[in-house]
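Beneath this line is the structure, given in structure tokens, with notes to follow.
We did not get these values from a lab; they are worked out from the coordinates using the rules stated. This one's a predicted model, so the numbers in the text were calculated from it and none came from an experiment. Quick reminder, even Gly has a Cβ in these numbers, built from the backbone with ideal geometry, and neighbours come from all protein chains shown.
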């Protein structure tokens, strides 16, 4: 499933490299795809290239290194790009799959040159020589960092009579890359729309399949079966299928409990389309009917989410969604009898973070190539960044009531509710990419009515 055609991706990546180097300035950019990692024994984890590397190259294979820089040609800046890749290897390809190879990589991915990865360390001194600045991220691989610095030092030693620095100025390109990635291009939004639509369909399929007596992993099977059947190769993250009080564990992934009637099921899952992920959470009753207490909690969370989504407008500080959600949730906790009004009213409860035992996480995060996508949240002065058109953020308030908290009303204990959507910042009203996934109690009731009718029909 590749919603961005290859020729479009090639052009996008070239433009991204141009814009990034214009932002960074003169120097050599060096970026790695990452390598395969051992899972256990001689089995590796399924490989996915680093998101920054993929954003600039579209190249999907491991053990690749991008080198690019600007140079002045006939009065204009031109980006020169070299990609080091694994060579073709008939035996390895028989065992592990086809490789692009250096001969084809340049043409297929719009690069000036591609070379075998084995040549990287011998070619690096020549690539570095014209540059006083190296844009590279250290800290991911200690051995790579050691060899890089040793190469720099060896190059400096050959010029020791000139008393040159032992290495160029090292600058981490991550902030500049993140500033580009946080604003989504039209093709990226298309990919995210497809991921959102497929994820919505999968959530509905899970709602239709659920019934008391099934296990959480059986709901996961239905959900992820929809992903795979549509051609999505992987999830954006491990699916959270949390029934009953498991919903009070924010990143629950055991997914092995049996579903019970009278309980809620919290499903937090998203799939990738063309490397871009969706992120949806829905919470609904296993047997199709909310108890009074569940409905009361659900209504508070949904009210908070809808109010927070309205804050996703250009020029608003990004944390307005959290402040809005906290205000609605705190008022809801008072109405539920969980919190008592204090002198100073709602403002005092919020200042004291009285809501924190029941709402302990933030309300949103950037979304894109990563589920917690690149992009700053605060500027150098510590002020929250403001929404700009093209940003995509999740909006996901929740309430969680510890099943062992004897201070809580008994009917609330063990209830966990979270509702999450993916929201695009436009020039006007926010656009909910995941709007097709039911979330109002009325819409959920229609899904469960359809489920009941289908089962009656199947039973004759």
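Please find, within the range 436-460, the residue that is farthest from the chain's Cα centre (by Cα) out of those that are surrounded by fewer than 16 Cβ atoms within 10 Å (Cβ to Cβ) and not in a helix (DSSP H, G or I).
460
Can you tell me which residue within the range 321-346, out of those that are touching a strand residue (DSSP E or B) at 6+ places or on another chain (Cβ under 8 Å) and over 9 Å from residue 304 (Cβ atoms), is surrounded by the most Cβ atoms within 10 Å (Cβ to Cβ)?
The qualifying residue surrounded by the most Cβ atoms within 10 Å (Cβ to Cβ) is 321.
Give the number of residues within the range 95-144 that are assigned to a helix (DSSP H, G or I), more than 18 Å from residue 27 (Cα to Cα) and free of Cβ contacts under 8 Å to residues at least 24 places away in the same chain.
Number of matching residues: 10.
For the range 378-391, state whether one or more residues are buried (at least 17 other Cβ atoms within 10 Å of the Cβ), touching a helix residue (DSSP H, G or I) at 6+ places or on another chain (Cβ under 6 Å) and closer than 25 Å to residue 435 by Cα.
No, the conditions are met nowhere in the range 378-391.
Among the residues that make up the range 355-370, is at least one of them touching a strand residue (DSSP E or B) at 6+ places or on another chain (Cβ under 7 Å) and not in a loop (DSSP other than H, G, I, E, B)?
yes
This table checks each residue for (1) part of a strand (DSSP E or B); (2) touching a strand residue (DSSP E or B) at 6+ places or on another chain (Cβ under 7 Å).
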| site | (1), (2) |
| --- | --- |
| 403 | no, no |
| 407 | no, no |
| 423 | yes, yes |
| 428 | no, no |
| 434 | no, yes |
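For the range 34-54, name all the residues that are in a helix (DSSP H, G or I) and either without any contact (Cβ under 8 Å) to a residue 40 or more places away in the chain or within 24 Å of residue 168 (Cβ to Cβ) (or both).
Answer for the range 34-54, where residues must be in a helix (DSSP H, G or I) and either without any contact (Cβ under 8 Å) to a residue 40 or more places away in the chain or within 24 Å of residue 168 (Cβ to Cβ) (or both): 52, 53.
Check residue 39 against each of (1) exposed (fewer than 15 other Cβ atoms within 10 Å of the Cβ); (2) in contact with a strand residue (DSSP E or B) (Cβ under 8 Å, 6 or more places away or on another chain) and name the one condition it does not meet.
(2)
Take residue 31 and tell me if it is in a strand (DSSP E or B) and touching a residue at least 12 places away in the same chain (Cβ under 8 Å).
So residue 31 fits the description; yes.
Just a yes or no: is a residue in the range 191-209 surrounded by fewer than 18 Cβ atoms within 10 Å (Cβ to Cβ) and over 30 Å from residue 5 (Cα atoms)?
yes
Are any residues in the range 281-294 in contact with a strand residue (DSSP E or B) (Cβ under 9 Å, 6 or more places away or on another chain) and surrounded by fewer than 18 Cβ atoms within 10 Å (Cβ to Cβ), and if so, which ones?
Listed by number, the list holds a single entry, 291.
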